[in-house]
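Here is the structure we will look at, set down as structure tokens.
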Amino acid sequence: MNYQLLAERLLPGEYPSLASFEEKYPPRALPKGAEVTRLAPSPTGFIHLGNLFAAIANERIAHRSGGILYLRIEDTDLKRKVDGAVEAVINALKYFDIRFDEGAEIGGDETYAPWYQRGRAEIYRAYAKRLIEEGRAYPCFCTEEELELLREEQTKKKEITGYYGKYAKCRDLSEEEIYRNLDAGKPFVIRLRSMGNPENKIKFHDEIKGEITVTENDQDVVILKSDGIPTYHFAHAIDDHLMRTTLVIRGEEWLASLPIHIELFEALGFERPRYGHNCSLMKQDGETRRKLSKRKDPELSLEFYRKDGYFPRAVKVYMLTLLNSNFEEWYLKNPDADLNEFPFKASKMSKSGTLFDLDKLSDISKNELSKLSAEQMAAFLRGWAEEFGTEAQRGFFADEEKMLRVLSLCMGIGGKKRRKDFTTASQAMEFIRYFFERPAAYEELRTESAVCARVLKDFLARYRYGDDAQAWFASVKEIAAANGFAAEMKDYKANPQGYRGSVADVAEILRIATTGKANTPDLWTIQQILGEAEVRERAELALRDLCGGEDK
Ligand code: GLU
């Protein structure tokens, strides 16, 4: 068979020489040991925790070694393309402080551009043409229906599905048959002519999993589709080579394709980057552990963390905890350090499924947020509210000084110990709502409403906004005593039958009346922040809505 002629017929015209690509995309001038890593998402609009997991690993490895992280968009499958997906990827990762040095919509050194695979069609075709010339690729005229029938047959026989060995019908078409098909205008794809034998096992060093055994590929995978657009397998091999990628950390779902990639690199005559396949994130679901699923687990999507307002550093700390087994210990010793100082290593990544636990993330979040100043917290909440909050929530920031007082109180700033009440921005905004809006509902009271009403009336009569905390509490004790409650805890404990309750119950009535909630930070301070008129209004409101109005 004259492969030269065939190549010219299948991909006619002059293509740049492969040597010219080597020249145009030269090895990168980076110091020894510097790693070039990448993130290569498809623009489907769904960016998930697994992507973030790989992104953090790639970013850390690249930047700790003085190398480069770039963003390549694998948009060869137009059916899956979603508008705005690239911006969504970049924004989602920026939130977690993943900085790309170059790439799609990032810019940077243009030497290795374009970073959209759609813009590199000529390159892929040039390499495909070379493989045809060498007899390592061939046209396949099988129709979708034929392939479907083949799949059914293989499934029925319990054989591996795909286009390989005796099933690769077009692999051995005669020259005559090929030209007859071409003359008849039959559409075709280009397939790799695999030289592999699945009986052969290859030893492979995975940067995360260590030594693994891989079965040789024997699938004649499609490299160019009938419209001349490459498949992901083919395009990514060429790009990783020409963009001079040295290391790829990616999800272990790609392990199954590794034999294909190994053969493609070999057929193309490229040196392979090193690969690390990171383990999947698992979720405890009752008794079993399963992979996080797009359908069942909203927390798989990165959008979830932004919408709920998880503090980015908290998510990153948790991801690093899962990614590197020695991170937790390092972080305990260096709680305030720049996370980038942690000596991240691919070899310390977990080899098998990692359990992802939202409760653990919440604990970390509480801890991280408790380290912020009121100003930092306000900036974080405002940023969240501007993007995801309601109009009313954005209004909470109208009086900045008030917001800072609220946050200082709720975070225990200046107190003996920081409070850890905040988990996420959405939860924090809900938590502080009563400072800005009157209670729409009240938590349950322990005291009967007629007594509550008397307590509230008494409070309205005695409340002096100018009282300091001590004087305020003294008057709460007076209210207690005047209404049959023990003013002192110890008196109540000594004789619980002698009283309706204690001063604590009175404080609870006032707390629920003021805030709607039974648990809040210091009530005197809350009332100071609200202001006298508002405190009185709320007591009146509670008298009506909480205690049903009149003395009974
Ligand atoms: N385009 C692939 C994806 O969507 C990238 C696979 C790889 O990293 O090699 O995840």
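The values are calculated or read from the model by the stated rules, or taken from the named source; none is laboratory data. Worth saying up front: this structure is predicted, and the values here are computed from it rather than measured. Heads up, the Cβs are rebuilt from the backbone with ideal geometry, glycines too, and the neighbour counts pull from every protein chain shown. Ligands, DNA and RNA are excluded from the accessible area calculation, which covers all protein heavy atoms including side chains. Shrake-Rupley method; radii C 1.70, N 1.55, O 1.52, S 1.80 Å.
Odds and ends about this structure:
- Taken per residue, the accessible surface of the stretch 47-169 reaches 45 Å², heavy atoms only and a 1.4 Å probe.
- Stokes-Einstein diffusion of the chain at 10 °C, 1.306 mPa s viscosity, Kirkwood radius from Cα pairs, rounded to a whole number: 56 µm²/s.
- Potential lengthening between ARG171 and ALA337 on full extension [0.36 nm per residue; Cα-Cα distance subtracted]: 53.9 nm
- Exposure of GLU144 as accessible area (Å², to 10), given a probe of 1.4 Å and all protein chains: 130 Å²
- Accessible heavy-atom area order of THR520, THR215, THR288, highest first, probe of 1.4 Å: THR288, THR215, THR520
- Kirkwood hydrodynamic radius of the stretch 122-281, from the reciprocal of the average inverse Cα-Cα distance over all distinct pairs: 16.9 Å.
- Of LYS366/LYS416; LYS371/LYS420; LYS158/LYS201, pairs whose Cα-Cα distance is over 20 Å: LYS158/LYS201
- Listed residues ILE212, ILE56 arranged by accessible area, highest first, probe 1.4 Å: ILE212, ILE56
- Highest to lowest packing among 511-517, 94-100, scored as the average C-beta count within 10 Å: 511-517, 94-100
- ARG80 exposes around 120 Å² of accessible area when a 1.4 Å probe is run over every protein chain in place.
- Karplus 3J(HN,Hα) series, Hz, for the stretch 231-246 with 6.51 cos²θ - 1.76 cosθ + 1.60 (x for Gly, Pro): 7, 4, 3, 5, 4, 5, 5, 5, 5, 4, 5, 6, 8, 6, 6, 9
- The length gained on full extension between THR44 and GLU253, counted as 0.36 nm times the residue separation minus their Cα-Cα distance, comes to 73.5 nm.
- Given R0 = 22 Å, the distance between the Cβ atoms of ARG80 and PHE388 translates into a calculated FRET efficiency of 0.25.
- Separation of alpha-carbon centers, the stretch 168-240 and the stretch 258-315, rounded to whole Å: 25 Å
- Partners for LYS296 among aspartates and glutamates (Cα-Cα distance below 19 Å; same-chain residues under 8 apart left out): GLU253, ASP285, GLU287, ASP308, ASP357, ASP359
- Maximal additional length on extending the LEU182-ARG438 stretch stands at 84.4 nm, based on 0.36 nm per residue less the C-alpha distance.
- Think of the chain as having a plus end and a minus end, set by charges on the Cβ of Lys, Arg, Asp and Glu; of ILE229, TYR499, TYR124, TYR499 sits farthest toward the positive end of this dipole.
- Each DSSP beta bridge with both residues in the chain is either parallel or antiparallel, and the antiparallel ones are about 55%.
- Cα gyration tensor category, rounded, prolate or oblate, for the stretch 337-429 with a/c compared to 1.5: prolate
- Loop-resident sites, the stretch 145-210, for trypsin sites (Lys or Arg not before Pro), counting at most 13 other Cβ within 10 Å (DSSP): LYS157, LYS158
- Alpha carbon convex hull of the stretch 52-178, volume per residue in cubic angstrom: 195 Å³
- Spin-label model, ASP285/SER449: points 7 Å from Cα along the beta carbon direction are separated by 4.6 nm.
- ILE73 long-range amide H proximity, modeled H, under 5 Å: ALA104, TYR116, GLN117
- Evaluated at q = 0.11, 0.15, 0.16 Å⁻¹: base-10 log I(q)/I(0), Debye formula over Cα of the stretch 271-428: -0.55, -0.93, -1.01
- Per residue solvent-accessible surface (Å²) - the stretch 364-494, probe of 1.4 Å: 51 Å²
- Near PRO198, once Lys and Arg are set to +1 and Asp and Glu to -1 for all other residues with Cβ below 11 Å from its Cβ, the sum equals -2.
- In this label model, ASN367 and GLU148 are separated by 5.4 nm, measuring between points 7 Å along each Cα→Cβ vector.
- Under a 5 Å amide H cut-off, with hydrogens placed 1.01 Å from N, ILE223 pairs with ILE190, ARG191, LEU192 among residues at least 5 apart or on other chains.
- FRET efficiency for the ALA471 to ASP491 pair, using the beta carbon distance and R₀ = 22 Å, is estimated at 0.60.
- In this structure the amide hydrogen of ILE249, modeled in the peptide plane, comes within under 5 Å of the amide hydrogens of ARG38, GLY276, none closer than 5 places in sequence on its chain.
- Split the accessible area of the stretch 391-438 by element, probe 1.4 Å, and carbon with sulfur accounts for 47%.
- Whole-Hz Karplus values for the stretch 391-408 come out as 4, 4, 5, 4, x, 4, 8, 4, 9, 5, 5, 4, 4, 5, 5, 4, 5, 4 Hz, taken residue by residue from phi with 6.51 cos²θ - 1.76 cosθ + 1.60 and θ = phi - 60°; glycine and proline positions read x.
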